[in-house]
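Heads up: the structure comes next, in structure tokens.
The values are calculated or read from the model by the stated rules, or taken from the named source; none is laboratory data. Computed from a predicted structure; not experimentally measured. Here the Cβ is made from the backbone with ideal geometry for all residues, glycine too, and neighbour counts use every protein chain on show. Side chains are part of the model used for accessible areas, which takes the heavy atoms of the whole protein and leaves out ligands, DNA and RNA. Shrake-Rupley method; radii C 1.70, N 1.55, O 1.52, S 1.80 Å.
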Amino acid sequence: MTTYVAQVIFLLLLAVAGWLLARRIRFIKAAIGLGKPEQRTDHPAARWRNMLLVAFGQRKMFKKPIPALLHLFVYVGFLLINIEVLEIIIDGLAGTHRIFAPYLGHAYTWLLNFFELLAVLVMAACVIFLIRRNIIKVPRFHKPEMRHWPYLDANLILIFEILLVLAILNMNAADQLLQARGVAHYTPTGKLLFSSFFMPPLQGLSTPVLVAMERFFWWFHIAGILAFAVYVTYSKHLHIFMAFPNTWYADLQPKGKMSNMEVVTNEVKMMLGLQPTQEAAPPPEEIGRFGAKDVTDLSWKSLMDAFTCTECGRCTAECPANLTGKKLSPRKIMMDTRDRAEELARLQLTGNGTDDPHTLLDNFISREELHACTTCNACVEACPVLINPLRIILDLRRYLVMEESSAPAEWNAMFQNIETSFNPWKFAPTDRFKWADEMKSNN
Amino acid sequence: MSNSATINIPTMAELAARGEAPEILFWVGCAGSYDERYKSVTKAFVEILNKVGIRFAVLGEEETCTGDPARRAGNEFLFQMQAMANIQVLNGYGIKKIVTACPHCFNTIKNEYPDLGGEYEVLHHAEFLQQLIDAGKIKMTDGSTYQGQKITYHDSCYLGRANDIYEAPRSVLAALDAQLVEMKRCRTNGLCCGAGGAQMFKEAEPGKKEINAERADDVVASGADIVATACPFCMTMLQDGLRHNYEEKGIKVLDLAQLLNSRDKG
């Protein structure tokens, strides 16, 4: 009877977590869908290769070997310990205990010991990560955009992971003691090395208390995993899923290439009296904007980038503008884009989309930030999951100049020079070839 | 300029009038045409082309800004106007291969002109000089011009990260008899000089420091006597940054073509 109740509770727990997750995933899909359509399925072989090397293989992480190794422990731990979750789910639904143990025999012991090793490595990595964030205070974790929620979010995730791992180790410790006492249902697992260290304090406890403890840690672990899965979708930690599609859809062209604006091409061709290459495009349903003022003007890929960002700040740490004290921080560009996309998606979901005083430009990202960028691509190069903050910056700059004509005065002068003198300075076009005369007369 | 032979700088208009076609078009760029410092790079490169005997041509007064700074500042209209006008000229002459000493012109013509109907083989002069050295066309005599000197190479963002060209400029420098040293931030981690994205044409936003001053610190820390550059903007920014804070060190900023050319003369 008690098992029956437990099974029902377990099923309910799964169902609630599943429902919350599904709802949140729908929301994120809608938020990314706010972006403009863009075809990104060309060269599938190169895309799979990117995903395999960069997301699965963590290639770009290894530019910084120590954090890369620690991150690898957590990543491998996450991927592999979750195999055990499969058993836990079957046990929870069927009312069994360690259902794989009899089938796998010695292999089960090996596997559990391997998982315990990973658990210990995950714990060590998370503790070191907490120290790096809170005691050593690695500068990139303490920029202005990292105050309040982002700071708490990062710490919560690390503490959460440590608690989950401690739950596994304590659960296994109690389990082993119960096996030794021959308590029914506690299938022998063989000696589990790492959880043995957690056994001494439990040794003096009575069998019913131990069973209660084992059950508590079992439930804490699985409920914790489900809660974590839901939490992740609200947190910067979403990269554990998003890194995969994001690297697959990443840019394949040289980083220096800016996307061409076809709308402008057609207009320029008409102005120059050239035939547009494509037949005159049908008039767009809505009058589109030049450049981007809000998330709806960005490509959906830029919004996917924003949901993939885990706020590690490698981009900002490499940004020459940020390094020299300017307001621009590529990480903040990504965080702002995500915050705005979530805000707008929420408004649209509740039917209040028309009553929206905000835009990405000005309410989230200031002009001063945009004007500080040197387009050096250091942020793009630094990102371990192939996010492109530069593209958002340039799309916003396009709006500023083409829709608002609000460039810094010196840029307006530069534009004018190019228009009238065909060079960005004020030199006379007729002097362009003077260097040749100078050379010849020197000879 | 000690060369006795007359320097030959044919324009496309002259070649076309004679019904000839060049091996390469040398795209000089605005800095290479007007900027006092970068004109000497243009001249050094032209001297090399003359010595090696490459059949080249320039556009002369027919060349105009590629539009790069306008595009990066956000002015797509102006960029495309410039691009299409240039493409009309280039296509009109049937140009196939372009070499330029400016990474910004290089990136724009190579990566962005194809979308607008301008498809050419485009090389940066670092790549072209490397090819000439590899082919034995530039002879490496054992001159002692740079012996005992330390040279560091400053990666241009538009060559390096933008186009993954890291080795060509370094192999050009390796051909000199100098000692090559690297700055702490180099190759994919190279620090920008501060001029890209149209920053060259305006004051920086408020901050604690100028970017070129930060980069000048890197140069000094490397212990180099000479910084090699491959970009007009990097050259200006580094020279200004070094002059401002480290005048007494007398560190020289020179382009790859200048280094190769004065070695030849040395």
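Things to note:
- Amide H contacts under 5 Å for residue B:98: B:25, B:121, B:122, B:123, restricted to partners 5 or more places along the chain or on a different chain, H placed in the peptide plane at 1.01 Å from N.
- Cα centroid separation - region A:322-397 against region B:97-117, whole Å: 29 Å
- Phi to ³J(HN,Hα) by Karplus 6.51 cos²θ - 1.76 cosθ + 1.60 over region A:84-100, Hz, x for Gly, Pro: 5, 4, 4, 5, 4, 5, 4, 4, x, 7, 8, x, 9, 9, 6, 4, 7
- Taking only alpha carbon atoms, region B:139-265 gives an Rg to Rh ratio of 0.97, where Rh is the Kirkwood radius.
- Fraction of accessible area attributable to carbon and sulfur, the protein assembly as shown (%, probe 1.4 Å): 61 percent
- Counting only the Cα atoms, region A:46-248 fills a convex hull of 149 Å³ per residue.
- Contact residues in region B:208-230 (at least 20 Å² less accessible area with all protein chains than alone, 1.4 Å probe): B:208, B:209, B:211, B:214.
- 5 angstrom amide H check on residue A:325, placed H, neighbours 5+ away: B:208
- Region B:16-41 versus region A:174-203: alpha-carbon centroid distance in Å: 81 Å
- Within a Gaussian network of chain B (alpha carbon springs, distance under 10 Å), most fluctuating of B:256, B:116, B:90: B:116
- Average beta-carbon neighbours from other chains, 10 Å sphere, peptide A:420-428: 5
- Between A and B, roughly 6200 Å² of accessible area is buried in total, ligands, DNA and RNA not counted and the probe set to 1.4 Å.
- Region A:172-277: radius of gyration over Cα atoms, expressed as a fraction of 2.2 N^0.38 Å: 2.31
- For region B:41-57, the Karplus equation 6.51 cos²θ - 1.76 cosθ + 1.60, evaluated at θ = phi - 60°, returns couplings of 5, 3, 5, 4, 5, 5, 4, 4, 4, 5, 5, 6, x, 7, 7, 10, 8 Hz by residue, with Gly and Pro reported as x.
- Its convex hull of Cα atoms gives region A:289-405 a direction-averaged projected area, equal to a quarter of the hull surface, of 7.0 nm².
- All Cα-Cα separations within the protein assembly as shown were binned at 20 Å from zero, giving a P(r) of 15, 41, 27, 13, 3, 0, each value a whole percent of the pairs.
- For chain A: relative contact order, % (alpha-carbon pairs under 8 angstrom, 6 or more apart): 20 percent
- Inter-centroid distance (Cα atoms) of region A:218-274 relative to region A:110-167, Å: 25 Å
- The residues neighbouring residue B:214, those whose beta-carbon lies less than 11 Å from its own, together hold a net charge of +1 under the Lys/Arg +1, Asp/Glu -1 convention.
- Shielding of peptide A:116-127 by partners, expressed as the average count of other chain Cβ atoms within 10 Å per residue Cβ, is 0.
- Electrostatic bookkeeping for residue A:371 treats Lys and Arg as +1 and Asp and Glu as -1; over the other residues with beta carbon under 12 Å from its beta carbon, the sum is +1.
- With distances taken between every two different alpha-carbon atoms, region A:8-129 has a Kirkwood hydrodynamic radius of 18.2 Å.
- Stokes-Einstein D in µm²/s, Kirkwood radius over Cα pairs - region B:11-144 at 20 °C with 1.002 mPa s viscosity: 138 µm²/s
- Amide H partners (placed H, <5 Å) of residue A:36, local residues excluded: A:298, A:299, A:300
- D by Stokes-Einstein for chain B, Kirkwood Rh over Cα pairs, 20 °C, 1.002 mPa s: 113 µm²/s.
- Working note: Karplus 6.51/-1.76/1.60 with θ = phi - 60° gives region A:296-312 the couplings 5, 8, 8, 5, 4, 5, 5, 6, 4, 3, 5, 6, 8, 4, 9, 6, 6 Hz, where Gly and Pro are set to x.
- For chain B, the solvent-accessible area works out to 36 Å² per residue, with a probe of 1.4 Å and every protein chain left in place.
- For region A:300-362, the spread of Cα positions along each principal axis, largest first, Å: 43, 23, 15
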